[in-house]
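In what follows, a single structure is set out as structure tokens and then discussed.
The values are calculated or read from the model by the stated rules, or taken from the named source; none is laboratory data. Keep in mind it's a predicted model, so treat the numbers as computed, not measured. Here the Cβ is made from the backbone with ideal geometry for all residues, glycine too, and neighbour counts use every protein chain on show.
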Amino acid sequence: MTILVLTRYWRLGSSSRVRFYQYFPYLEARGIELITAPFFDDEYIRRLYAGRRISPYAVLHAYLHRLAALTRRRDIALIWAEKEFLPWLPFEVEKLLLPRRVPCAVDYDDAVFHRYDMHPNRLVRKWLGQKIDRVMRHADLVIAGNDYLAERAERSGARRIEILPSVVDVSQYEIKRPEEDAVFKIGWIGAPVTAKYLNGLRGVLSELSRMFPVRLVLVGGNVPPFPDVPTELIPWSEEIERTVNQKFDVGIMPLVDDPFERGKCGYKLIQYMAGGIPVVASPVGVNRKIVEPGVHGYLANSPSEWLTALCHLRENPQMRIEMGNAGRRKAETLYNLRVTAPQLLELLKSAAH
């Protein structure tokens with residue numbers, strides 16, 4: 001069976017890497033031929049994360065490359081796409097270019113529809129506000145990363161909806177080794193574009209740094225967000241992502257409770273838990289499903305709740321170990337590539353027939 005895979009990015013794009021590329025070895029080993037046509041290349045991601053100008057020619061090249069992928073004649077059993085086919089163009093244009101009689105599976109790991117239906121520009125809302133709903137309605141299969149996304153697909157009239165969480169290959173993650181260190185290390189994994197969520201913890205982290213030795217360890221951030229909080233910046237890489245938990249005593253995932261954030265899939269939390277460390281997260285969207293308070297860590301809404309949770313974890317090293325082990329067990333059971341890869345294979349095979 002041959003599948004045309006229309007990802008948003010190459011491997012540097014986290015959504016494409018997590019929802020698509022990490023499954024490729026498993027699928028190919030079982031006879032699936034994958035023809036991959038990303039929309040944006042890795043240079044786009046590098047420029048985006050560095051805050052550098054994106055060339056209009058690079059964007060034009062992305063559209064031309066995608067058009068070529070859609071119109072090239074192949075014996076394709078299925079189109080497996082990430083979010084949409086041509087970003088910022090109406091679905092009616094996409095539909096004209098999609099091969100007829102070739103089924104489509106579309107994957108969502110965030111609330112991309114809110115980029116359109118909540119856009120500040122009235123014309124964007126008018127012309128594209130219902131675009132993703134139309135994509136979902138057209139698809140033979142919608143794969144949603146969480147309930148919030150699945151509910152939107154249901155409201156759109158999607159014919160078939162399946163929930164598949166974002167996962168890691170747990171076997172590749174080292175379990176946090178106990179250590180004695182006076183410095184309490186608070187870890188965060190992300191990208192420069194998502195580091196903004198740390199701003200809500202400015203007061204909390206400043207207060208912690210006055211109470212006891214603390215270090216903020218940022219993987220993927222490009223500048224220290226708080227001058228008065230000792231910070232270690234670690235450049236992101238796939239290898240670092242799997243081993244950096246050794247540098248954390250706790251992993252954090254602050255969010256604002258807005259519509260787009262409710263569509264996130266909690267990938268940071270799953271990474272932390274796979275590494276055997278406790279977590280503290282905002283009770284937004286799927287975070288409430290991933291984290292059982294008092295078992296895997298804590299959910300914290302207000303600054304005082306964040307301060308209490310982090311202080312409690314700092315003062316109880318044995319509890320950190322127990323929560324980390326519980327998180328690892330949950331990751332192994334529910335958020336593990338070895339669990340979801342067979343499920344995805346069956347979903348794609350069923351969508352193609």
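R11 satisfies every condition listed in (1) within 17 Å of the chain's Cα centre (by Cα); (2) in a helix (DSSP H, G or I) except (2). Going residue by residue through the range 138-154, is there one that turns out to be closer than 30 Å to P259 by Cβ, crowded, with 16+ Cβ neighbours inside 10 Å and free of Cβ contacts under 8 Å to residues at least 24 places away in the same chain? Within the range 138-154, one or more residues are closer than 30 Å to P259 by Cβ, crowded, with 16+ Cβ neighbours inside 10 Å and free of Cβ contacts under 8 Å to residues at least 24 places away in the same chain.
Of all residues in the range 41-62, exactly one satisfies the criterion of being of a type in the set (F, W, Y) and in contact with a Pro (Cβ under 9 Å, 6 or more places away or on another chain), namely Y49. Among the residues of the range 201-218, those that are in contact (Cβ under 8 Å) with a residue 24 or more places away in the chain and either in a loop (DSSP other than H, G, I, E, B) or touching a Pro at 6+ places or on another chain (Cβ under 8 Å) (or both) comprise L201, R202, G203, V204, F212, P213, V214, R215, L216, L218.
Of the residues making up the range 176-198, those that are among the hydrophobic types (A, V, I, L, M, F, W, C) and over 15 Å from P317 (Cα atoms) are W188, I189, A191, V193, A195, L198.
Of the residues contained in the range 87-94, none is found to be more than 30 Å from P278 (Cα to Cα), within 22 Å of the chain's Cα centre (by Cα), among the β-branched types (V, I, T) and surrounded by fewer than 21 Cβ atoms within 10 Å (Cβ to Cβ). Somewhere in the range 259-267, is a residue closer than 22 Å to V204 by Cα and modelled with pLDDT of 95 or more? Checking the range 259-267: at least one residue is closer than 22 Å to V204 by Cα and modelled with pLDDT of 95 or more.
Filtering I270, I240 for residues that are touching a strand residue (DSSP E or B) at 6+ places or on another chain (Cβ under 7 Å) and without any contact (Cβ under 8 Å) to a residue 24 or more places away in the chain leaves a single hit, I240. Within the range 16-52, the set of residues being among the small types (G, A, S) and in a loop (DSSP other than H, G, I, E, B) comprises G31, A37, G51. When every residue of the range 23-31 is checked against the conditions, none turns out to be surrounded by 15 or more Cβ atoms within 10 Å (Cβ to Cβ), closer than 30 Å to A351 by Cα, touching a helix residue (DSSP H, G or I) at 6+ places or on another chain (Cβ under 9 Å) and among the basic types (K, R). Restricting attention to the range 243-258 and to residues that are modelled with pLDDT of 95 or more and among the β-branched types (V, I, T), the residue that is farthest from A300 (Cα to Cα) turns out to be V250.
The single condition from (1) under 25 Å from G13 (Cβ atoms); (2) touching a Ser or Thr at 6+ places or on another chain (Cβ under 9 Å) that K247 fails is (2).
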